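First comes the structure, then the notes that go with it.
The values are calculated or read from the model by the stated rules, or taken from the named source; none is laboratory data. Quick caveat: nothing in here was measured; it's all calculated off a predicted structure. Note that each Cβ is placed from the backbone with ideal geometry, even for glycine, and that neighbours are counted across all protein chains shown. These accessible areas exclude ligands, DNA and RNA; they are computed on the full protein's heavy atoms, side chains included. Shrake-Rupley method; radii C 1.70, N 1.55, O 1.52, S 1.80 Å.
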Amino acid sequence: SSCCVRSWRNSTLHSVCARLINDYALELGLTPELRVLDDRLAAHAMRIALEAEVGDDERAELDELAERFGDFDWARQVRDVIALARANDIDAEALQHSAESSVAGLLALLPDPRAVGELEAELLPVLSAVLAGPEPHRDNLREERRAQHEMQRALARGDALSWTQWLALANHSSPALKRVGAAHTAHPLLRADLQRATELVVAIAQRVLGRYQGEKRRWGALDFVDQEVEALRLLRDASVHDRLREDIALVLVDEMQDTSPIQLAILSELSAIARHSVFVGDQKQAIFG
């Protein structure tokens, strides 16, 4: 978003926040000589915090979950949770509540769980019957047949199939395999894996965020989201409100549709201070939906 305040014409919202923090650093208990981390340095610091906070046991468990889900980049998920929590100004307690609500909402979408081992016992004879048929001639079907033999051997050993394997069965051309494969949403281990993956990601995100924030304090640095958080804290201070009211006549915001929740809160505070405000945006272009 672009925002005009005082003489800060054609300024980005980040530059407005930086100016506010610089002008009122002492009120915030900050040094006026703050170092601001750009996106590259902030991402590097986040990676360091992530490496430091994930132990070997957790990493092994996450890797196992990633293998079963097939497309589970847990490190990216941790970073996404942190980014969303910060953009929405969600503290650790609210984030934990959000995780619990997310798990409950997710599990409520799934059918009632079947008994442990029931789906595997139902699948094995169906899979064996399909494999007893003639060998396919097409290369892609031969590859599919090899995957089915692998599943059959795994089931015979008592090993669990991955969720990508179950999903492949759910999309199979054989009606019998498709029926059993589609029932995997009622698998009790799927519920357990989804819940555990969510709990691990959020727990790690909380720890990584704490370390990341601590490292920035030690360096005497802020990143762009910190600037927004501190600027909002300033704008909610009644004494700062009164002083800014003398200076701000107009707040003009363009590209309003691209504001995050915390940015919207900042702009709302500025609008309350200014004698006049104008907001321009296009809902159809909203990157935040």
Using a Förster distance of 35 Å, how high is the FRET efficiency between Glu199 and Gln152, based on the Cβ-Cβ distance and rounded to 0.05?
0.60
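So for Lys216, Lys284, Lys178, what's the accessible-area order with a 1.4 Å probe, most first?
In descending accessible area the options line up as Lys284, Lys178, Lys216.
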Phi angles of segment 255-270, converted by Karplus (6.51 cos²θ - 1.76 cosθ + 1.60, θ = phi - 60°) into ³J(HN,Hα) in whole Hz with x for Gly and Pro, give 6, 4, 5, 9, 8, 7, x, 5, 5, 4, 5, 4, 5, 5, 5, 4
Taking H placed 1.01 Å from N in the peptide plane, check which residues at least 5 places from Val278 or on another chain put their amide H under 5 Å from its amide H.
Val251, Leu252, Val253
Highest average packing first - 110-119, 154-163, Cβ atoms within 10 Å
154-163, 110-119
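Report the far tail of the P(r) of the chain, meaning the percent of Cα-Cα pairs longer than 31 Å.
50
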Computed E for Leu107/Ala83 - FRET, C-beta separation, R0 22 angstrom, nearest 0.05
0.35
Considering the dipole of segment 43-147 built from charges on the beta carbon (Lys and Arg +1, Asp and Glu -1) around the Cα centre, which of Gln77, Ala87, Leu127 is farthest to its positive end?
Leu127
Amide N of segment 174-204 lying under 13 Å from the label point, which is placed 7 angstrom from the Cα of Asp71 along Cα→Cβ
none
List the relative contact order of the chain as a percent without decimals, with contacts defined as Cα pairs under 8 Å and 6+ residues apart.
31
Along segment 192-204, what does the Karplus equation 6.51 cos²θ - 1.76 cosθ + 1.60 (θ = phi - 60°) give for ³J(HN,Hα), rounded to whole Hz, x for Gly and Pro?
5, 5, 4, 5, 5, 4, 5, 4, 5, 4, 5, 4, 5
Signed unit charges on C-beta, dipole axis of segment 11-50, positive-most listed residue Ala49, Thr12, Leu28
Ala49
Considering only protein heavy atoms, what is the solvent-accessible area of Met256 at a probe of 1.4 Å, reported in Å² to the nearest 10?
40
By the gyration tensor of its Cα atoms, with a ≥ b ≥ c the square roots of the eigenvalues, what is the shape of segment 178-289: rounded for a/c under 1.5, prolate for a/b over b/c, or oblate?
oblate
If Lys and Arg each add +1 and Asp and Glu each add -1, what is the summed charge of the other residues whose beta carbon sits under 12 Å from the beta carbon of Arg114?
-3
Extension gain Glu64-Ala132, at 0.36 nm per residue separation less the Cα-Cα distance, in nm?
21.3 nm
What angle, in degrees between 0 and 90 and rounded to the nearest 10, separates the Cα long axis of helix 92-108 from the longest principal axis of the Cα atoms of the chain?
30
Which cross-chain or sequence-distant (5 or more) residues have an amide H under 5 Å from the amide H of Val36, H modelled 1.01 Å from N in plane?
Leu222
Ranked from highest to lowest mean number of other Cβ atoms within 10 Å per residue, what is the order of the peptides 234-243, 205-214, 13-22?
13-22, 205-214, 234-243
Sort out for me the Cα centre separation of segment 92-163 from segment 206-280, rounded to whole Å.
48
Carbon and sulfur %, accessible surface of the chain computed with the full protein complex present, 1.4 Å:
53
